[in-house]
Structure formats: structure tokens, C-alpha cells
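What follows is a set of notes on a single structure, which appears directly below.
The values are calculated or read from the model by the stated rules, or taken from the named source; none is laboratory data. A quick note: this is a predicted structure, and the numbers were derived from the prediction, not measured. Cβ placement follows ideal geometry from the backbone for every residue including glycine, while neighbour counts extend to all protein chains displayed.
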Amino acid sequence: MGPFSKKEVLIMAIEEKTRKLGIFERYLTLWVVLCIIAGITLGKIAPQVARFLDGMAIYVNGAPVVSIPIALCLFFMMYPIMVKIDFAEVLKAGKSIKPVGLTLFVNWAIKPFTMYAIALLFLGVLFRTFIGAEAVDYVKMPFGLDLPVGATHGAGQVVLINGDKMLQVPLWRSYLAGCILLGIAPCTAMVLVWGYLAKGNNGLTLVMVAINSLTMLLL
Amino acid sequence: MPWQALLLSIAIYVALPLVAGYLSRKWIIATKGRQWFEEKFLHVLTPVTIIALLITLVLLFSLKGEVILSKPLRILWIAIPLFIQTNLIFWLGYGSAKLLKLNYKDAAPAAMIGASNHFEVAIATSTMLFGLSSGAALATVVGVLIEVPVMLMLVKICLRTQKWFKPDTEIEQARN
């Protein structure tokens with residue numbers, strides 16, 4: 001260990017880390033705001049660049065799933081975190097039932113219901129007039145359903161748009177559906193970044209992300 | 001859930017950096033030694049995560065710039081309930097973690113896993129079910145746009161409230 005004890009080295013490492021991250025972390029909010037403005041400006045000034053980048057994606061069933069530029073950025077976000085993980089710690093983390101159980105409970109027993117309740121309250125009641133109570137949205141026909149034009153299905157009505165059958169639904173219901181989908185799709189890989197920035201246990205975060213993602217696959 | 005979309009996004013976003021990180025860690029420690037790895041290599045890597053995060057933000061907002069500028073108010077109406085939901089779930093998770101007497105290092109990621117949304121899968125699902133131009137797809141896009149700023153806010157809250165939790169034993173022992 002040289003002239004320093006393990007204790008001293010650890011303290012120095014902690015202090016070094018706090019100082020290093022300082023400039024980025026202290027002004028992170030400012031950087032975030034600047035990047036948002038830069039992004040919107042870029043999209044406005046050079047929409048062809050944005051469209052080109054947007055087109056670079058891997059598609060599944062006609063829906064863009066993995067955007068290549070974003071996947072590249074995410075890789076550089078994740079790699080430094082992954083390389084720091086000591087896999088002996090991951091094995092230990094697998095045994096911590098409490099935090100893993102907590103995330104599973106919150107994700108599956110609470111989150112979808114609060115999302116439904118909150119989104120319904122705001123979109124369906126409080127903001128309904130702002131969105132436009134009469135505003136409508138045209139969505140794809142439910143899979144495997146072939147109804148005649150004019151038929152009703154749930155809150156929607158079958159209409160013909162440009163020769164395609166579409167379901168006409170109130171716009172706020174369409175927004176509600178999107179919010180519910182967000183509510184039942186928990187935890188992105190980005191959680192590793194949030195856990196890392198909050199100085200959490202990265203090995204445990206990895207285990208929890210893995211378990212929650214596997215649960216989503218099963219449901 | 002459309003499992004191909006989910007599988008693909010997990011493979012690319014999690015498995016790829018995980019495997020790359022695991023292998024290169026083993027290789028670097030084996031060839032250059034643990035000390036070089038911890039002092040030199042990690043040193044260089046530290047700002048990479050945040051820089052990549054900021055570039056992602058620029059990308060996300062440039063891709064959605066047109067939508068934001070054409071329907072700013074509608075985006076706000078969707079963003080408000082999503083913001084409230086994220087905060088509610090975060091505090092629920094964080095509070096339960098405290099009740100369960102977890103230490104901070106476990107509590108912070110556990111609370112954030114609940115709060116964060118898997119927007120890639122949500123976007124893919126809404127596009128498949130309702131179509132790319134639907135309001136549902138727009139709502140999931142708003143989910144993406146607020147994710148990064150809101151989660152960064154929660155990170156800050158976590159860092160400021162570390163003291164609420166049982167101290168992490170190793171660091172605390174080192175400090176005493």
C-alpha cells in the first residue's frame with residue numbers, strides 16, 4: 001500500500017472524485033438547458049440533418065426501435081459505468097432481496113395504476129378543455145379487427161381516411177393511451193446513468209434493471 | 001409487450017456495453033495492472049458519461065424540434081401528468097427504501113428504477129398499435145423529452161438527501 005494506509009487512499013480517492021466531477025456536476029442543469037436549446041435550434045435550422053439522423057434506425061415491424069446515433073451515445077454513456085462494475089459485487093447484490101423486491105413491487109403493483117389515475121385526472125378532466133374536448137385523433141385499427149365504416153369500437157368510431165380504415169378517437173384518450181404505455185414500460189438502461197450520477201451501487205442497479213426487464217419480457 | 005423490440009433494445013443498450021465493459025476490464029487489469037486501471041484509465045473515462053448524455057439530449061431534441069415548436073402547449077399538457085407521476089413514484093420508492101432501512105447506495109437506484117420509464121419500448125409499442133402520427137405516439141415522445149431533465153433533478157435530490165439514510169459502512173469507516 002506504500003506510505004498511505006488503505007483508509008487514507010480511499011479518502012483521497014473520494015475527494016479527488018468529488019473535485020473532478022465538480023465542474024460538470026455543479027453546472028449540469030445549465031448544460032442540460034443549453035443542450036435542449038441547441039437541439040431545438042438544430043432541428044429548426046437544419047431539419048434535413050435531424051431527419052437524416054432520425055432515419056438511421058433499426059426497425060421492428062415498421063416501428064423504429066433503436067436509433068443508431070442514440071445507441072452510439074448510450075454506448076459511451078454506459079461503457080464507463082460497466083467497466084467500473086466489479087462483478088464480485090454483482091453476485092453479492094443478487095442476494096439483496098429487499099431493494100430488488102421493492103423495485104418489482106413499485107414497478108408492477110403501483111406504477112401502472114398511479115399512471116392511469118394521474119393521466120386520466122389531468123388529460124381527461126383538468127386539461128380536457130385545453131386539449132379540446134372535441135379534438136379527435138386517428139389511430140390504426142386494432143389488430144385483427146375488421147369493422148365496417150361507421151361502426152363503433154370502445155370510445156372510437158371507424159372512419160375512412162385516404163382509403164384506409166382508421167379508428168377515430170377523442171384526442172385526449174389517445175394521449176392517455178400513450179401515458180399508460182409509458183407507465184407499464186419501466187426502467188430504461190439509462191437508470192444505470194442516474195444511479196451512477198447519484199453515487200449509487202452500480203452492481204445492484206444492473207441486477208435490478210436486468211430483473212425488471214426480464215419481468216417485462218414475461219408479461 | 002412486443003418482445004422483439006424489447007429484446008433488441010436490451011441487447012443493444014445494456015448487453016453490448018456490459019460485455020464490452022466486462023471484457024475490457026479483465027483485459028486491462030491483466031495487462032496493465034489494477035493500479036493503472038484505477039488511476040489512469042478510469043480517470044480519463046469519468047467525464048465521458050456526462051458528455052455522452054449531453055450529446056444524447058441535443059440529438060433527442062433536434063429530432064423532435066419540429067413537433068415541439070408546432071404543438072408546444074399540447075406537449076405541456078402531456079408533460080404535466082407525466083412529471084407528477086415520475087415524482088410520485090420516486091418519492092414512494094425513496095420513502096419505502098427508508099422504511100426498509102436500506103442504505104443510500106441501494107435506495108437511490110431502487111427509487112429511480114421505479115421513476116424512470118422505458119421509453120424506447122413505449123414508443124415502439126404505441127407506434128405499432130396506434131401509428132406513428134397518433135396522439136399516443138406523441139405522448140410517449142413527450143415521455144422521452146422529460147425523462148432526462150426530470151431524472152437529473154431527482155439525481156440532485158438524491159445527492160442532497162444522502163444523510164437521511166444509514167451511512168455506507170466502508171466509506172464511513174475510512175473517514176473516521
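With the checklist (1) facing chain B (nearest Cβ under 7 Å); (2) loosely packed, with under 14 Cβ neighbours inside 10 Å; (3) in contact (Cβ under 8 Å) with a residue 12 or more places away in the chain in hand, flag the one item A:N61 doesn't pass.
(3)
Is there a residue in the range B:84-96 that is within 21 Å of the chain's Cα centre (by Cα), at the interface with chain A (Cβ under 8 Å from one of its Cβ atoms), closer than 19 Å to B:L152 by Cβ and not hydrophobic (A, V, I, L, M, F, W, C)?
Taking the range B:84-96 and keeping what is within 21 Å of the chain's Cα centre (by Cα), we get B:84-96.
Now narrow it down to the ones that are at the interface with chain A (Cβ under 8 Å from one of its Cβ atoms): B:84-85, B:88-89, B:92-93, B:96.
Those left that are additionally closer than 19 Å to B:L152 by Cβ: B:84-85, B:88-89, B:93.
In the following step, the residues that additionally are not hydrophobic (A, V, I, L, M, F, W, C) were identified as B:85, B:93.
Yes; the residues of the range B:84-96 include at least one that is within 21 Å of the chain's Cα centre (by Cα), at the interface with chain A (Cβ under 8 Å from one of its Cβ atoms), closer than 19 Å to B:L152 by Cβ and not hydrophobic (A, V, I, L, M, F, W, C).
Does A:I81 qualify as being touching a residue at least 12 places away in the same chain (Cβ under 8 Å) and at the interface with chain B (Cβ under 8 Å from one of its Cβ atoms)? Don't jump to the end; show me each part of the working.
Working: touching a residue at least 12 places away in the same chain (Cβ under 8 Å): yes; at the interface with chain B (Cβ under 8 Å from one of its Cβ atoms): yes.
When the stated conditions are applied, A:I81 passes them.
Quick one: which residue in A:L176, A:L182, A:L171 is in contact with a Phe, Trp or Tyr (Cβ under 7 Å, 6 or more places away or on another chain) and closer than 16 Å to B:G135 by Cα? Don't jump to the end; show me each part of the working.
Details: A:L176 fails: in contact with a Phe, Trp or Tyr (Cβ under 7 Å, 6 or more places away or on another chain); A:L171 fails: in contact with a Phe, Trp or Tyr (Cβ under 7 Å, 6 or more places away or on another chain).
Criteria check complete, one pass: A:L182.
Quick check on B:T31: is it of a type in the set (S, T, N, Q) and touching a helix residue (DSSP H, G or I) at 6+ places or on another chain (Cβ under 8 Å)? Write out each step before concluding.
Working: of a type in the set (S, T, N, Q): yes; touching a helix residue (DSSP H, G or I) at 6+ places or on another chain (Cβ under 8 Å): no.
Answer is no for this residue.
What's the total number of residues in the range B:39-84 that are touching a Cys at 6+ places or on another chain (Cβ under 8 Å) and not aliphatic (A, V, I, L, M)?
3
Within the range B:34-66, count every residue that is closer than 30 Å to B:G143 by Cα and touching a helix residue (DSSP H, G or I) at 6+ places or on another chain (Cβ under 7 Å). It would help to see each step written out before you state the result.
Initial filter on the range B:34-66 (closer than 30 Å to B:G143 by Cα): B:45-66.
Now restrict to residues that are touching a helix residue (DSSP H, G or I) at 6+ places or on another chain (Cβ under 7 Å): B:45-50, B:52-66.
Residues meeting the conditions: 21.
Conditions (1) touching a strand residue (DSSP E or B) at 6+ places or on another chain (Cβ under 9 Å); (2) farther than 30 Å from A:L72 by Cβ; (3) in contact (Cβ under 8 Å) with a residue 40 or more places away in the chain, marked per residue:
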position: A:T114; (1), (2), (3): no, yes, yes
position: A:D146; (1), (2), (3): yes, yes, no
position: A:P170; (1), (2), (3): yes, yes, no
position: A:Y175; (1), (2), (3): yes, yes, yes
position: A:L182; (1), (2), (3): yes, no, yes
position: A:K199; (1), (2), (3): no, no, no
position: A:I211; (1), (2), (3): no, no, yes
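Quick one: which residue in B:S116, B:S134, B:S126 is in contact with a Gly (Cβ under 7 Å, 6 or more places away or on another chain) and within 7 Å of chain A (Cβ to nearest Cβ)?
Values: B:S116 fails: in contact with a Gly (Cβ under 7 Å, 6 or more places away or on another chain); B:S134 fails: in contact with a Gly (Cβ under 7 Å, 6 or more places away or on another chain).
Result of the check over B:S116, B:S134, B:S126: B:S126.
Take the residues in the range B:65-79 that are crowded, with 16+ Cβ neighbours inside 10 Å and of a type outside the set (F, W, Y), then tell me which one is nearest to A:G178 (Cα to Cα). If you could, list the steps in order and put the result at the bottom.
From the range B:65-79, those crowded, with 16+ Cβ neighbours inside 10 Å are B:65, B:67-68, B:74-75, B:77-79; that's our starting set.
Applying the additional criterion that residues be of a type outside the set (F, W, Y) yields B:65, B:67-68, B:74-75, B:78-79.
Details: B:G65: 19, B:V67: 16, B:I68: 17, B:R74: 13, B:I75: 12, B:I78: 10, B:A79: 12 Å.
The qualifying residue nearest to A:G178 (Cα to Cα) is B:I78.
Considering A:K111, A:K92, A:K98, which residue is among the basic types (K, R), part of a helix (DSSP H, G or I) and more than 7 Å from every other protein chain (Cβ to nearest Cβ)? It would help to see each step written out before you state the result.
Numbers: A:K111 fails: more than 7 Å from every other protein chain (Cβ to nearest Cβ); A:K98 fails: more than 7 Å from every other protein chain (Cβ to nearest Cβ).
Checking each option against the conditions leaves just A:K92.
Being over 17 Å from B:V142 (Cα atoms), in contact with a helix residue (DSSP H, G or I) (Cβ under 7 Å, 6 or more places away or on another chain) and among the charged types (D, E, K, R) is the filter here, so list the residues in the range A:37-57 that pass it.
The one that is over 17 Å from B:V142 (Cα atoms), in contact with a helix residue (DSSP H, G or I) (Cβ under 7 Å, 6 or more places away or on another chain) and among the charged types (D, E, K, R): A:K44.
Suppose we filter B:A122, B:A115, B:A137 for residues that are among the aliphatic types (A, V, I, L, M), buried (at least 21 other Cβ atoms within 10 Å of the Cβ) and at pLDDT 85 or above; which single one remains?
B:A115
Conditions (1) among the aliphatic types (A, V, I, L, M); (2) in contact with a His (Cβ under 8 Å, 6 or more places away or on another chain); (3) at pLDDT 80 or above, marked per residue:
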{"site": "A:I36", "(1), (2), (3)": "yes, no, yes"}
{"site": "A:G39", "(1), (2), (3)": "no, no, yes"}
{"site": "A:L53", "(1), (2), (3)": "yes, no, no"}
{"site": "A:I58", "(1), (2), (3)": "yes, no, no"}
{"site": "A:G62", "(1), (2), (3)": "no, no, no"}
{"site": "A:L72", "(1), (2), (3)": "yes, no, yes"}
{"site": "A:F75", "(1), (2), (3)": "no, no, yes"}
{"site": "A:M78", "(1), (2), (3)": "yes, no, no"}
{"site": "A:I85", "(1), (2), (3)": "yes, no, no"}
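Does A:F76 qualify as being surrounded by 14 or more Cβ atoms within 10 Å (Cβ to Cβ) and free of Cβ contacts under 8 Å to residues at least 12 places away in the same chain? Spell out the reasoning first.
Numbers: surrounded by 14 or more Cβ atoms within 10 Å (Cβ to Cβ): yes; free of Cβ contacts under 8 Å to residues at least 12 places away in the same chain: yes.
Against the criterion (surrounded by 14 or more Cβ atoms within 10 Å (Cβ to Cβ) and free of Cβ contacts under 8 Å to residues at least 12 places away in the same chain), A:F76 qualifies.
Tally the residues that are more than 7 Å from chain B (Cβ to nearest Cβ) and in contact with a Gly (Cβ under 8 Å, 6 or more places away or on another chain), restricting the search to the range A:190-213.
2
Tally time: how many residues in the range B:5-20 are surrounded by 20 or more Cβ atoms within 10 Å (Cβ to Cβ) and of a type in the set (G, A, S)?
So the answer is 2.
So how many residues does the range A:134-153 have that are within 13 Å of another protein chain (Cβ to nearest Cβ), under 21 Å from B:A139 (Cα atoms) and not basic (K, R)?
The total comes to 8.
Would you confirm, using the coordinates I've provided, whether B:S62 is at the interface with chain A (Cβ under 7 Å from one of its Cβ atoms), surrounded by 23 or more Cβ atoms within 10 Å (Cβ to Cβ), within 22 Å of the chain's Cα centre (by Cα) and part of a helix (DSSP H, G or I)?
Yes.
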